[in-house]
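Below you'll find the structure, written out as structure tokens, and then a few comments.
The values are calculated or read from the model by the stated rules, or taken from the named source; none is laboratory data. Predicted model only: the values in this text are computed from it and were never measured. Don't worry about glycine lacking a Cβ; one is built from the backbone with ideal geometry, like all the others, and counts go over all protein chains shown.
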């Protein structure tokens, strides 16, 4: 739009063929043409800068996805074993399938409200399942549930700080 204003102003000025280049009308049109063309240049530069930043962000997101996928691939056996071990413990506590689902989502750090949305249950039902999980497991809340499964996870011996 600004480019059209600049072009239109230039065409108008050329068609007017002014005899005096210092008249108010001519100076006004020249200023408007210069302002519109300056606006075009500034906006174009900012658009290019934003385009480069967006490309940089896309590259960073893709790198994080690749890193995540590589980690998952390298840890898949351990994750599968941990998943089986967690499910065995849930079964040992005699959790129902619904309670197991809620317990797993609690371990993942989801809120009661989010679990209710994810499982298409009411928040009250989710809270009741959570209480049942804690009662059957003998644990006293989400932190103890997480600690039960994660407290023995350690960094490799050469990476631990003692």
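The criterion of at least 1 residues that are modelled with pLDDT of 95 or more, more than 23 Å from residue 92 (Cα to Cα) and in the same structural domain as residue 96 (by TED's automatic domain parsing) is met by the following helices (runs of 4 or more DSSP H) wholly inside segment 112-162: 112-119, 123-137.
Residues in segment 94-109 that are surrounded by 18 or more Cβ atoms within 10 Å (Cβ to Cβ) and part of a loop (DSSP other than H, G, I, E, B): 95 alone.
Is it the case that some residue within segment 47-68 is at pLDDT 85 or above and surrounded by 12 or more Cβ atoms within 10 Å (Cβ to Cβ)? Checked against the condition, which is being at pLDDT 85 or above and surrounded by 12 or more Cβ atoms within 10 Å (Cβ to Cβ), segment 47-68 yields no hits at all. Here residue 84 clears all of (1) surrounded by 15 or more Cβ atoms within 10 Å (Cβ to Cβ); (2) within 30 Å of residue 148 (Cβ to Cβ) except the condition numbered (1). Here residue 89 does not qualify as surrounded by 12 or more Cβ atoms within 10 Å (Cβ to Cβ), assigned to a helix (DSSP H, G or I), out of contact with any helix residue (DSSP H, G or I) (no Cβ under 8 Å at 6 or more places or on another chain) and assigned by TED's automatic domain parsing to the domain that holds residue 143.
For segment 120-151, a residue qualifies if it is buried (at least 18 other Cβ atoms within 10 Å of the Cβ) and touching a residue at least 40 places away in the same chain (Cβ under 8 Å), and the qualifying residues are 133, 137, 145.
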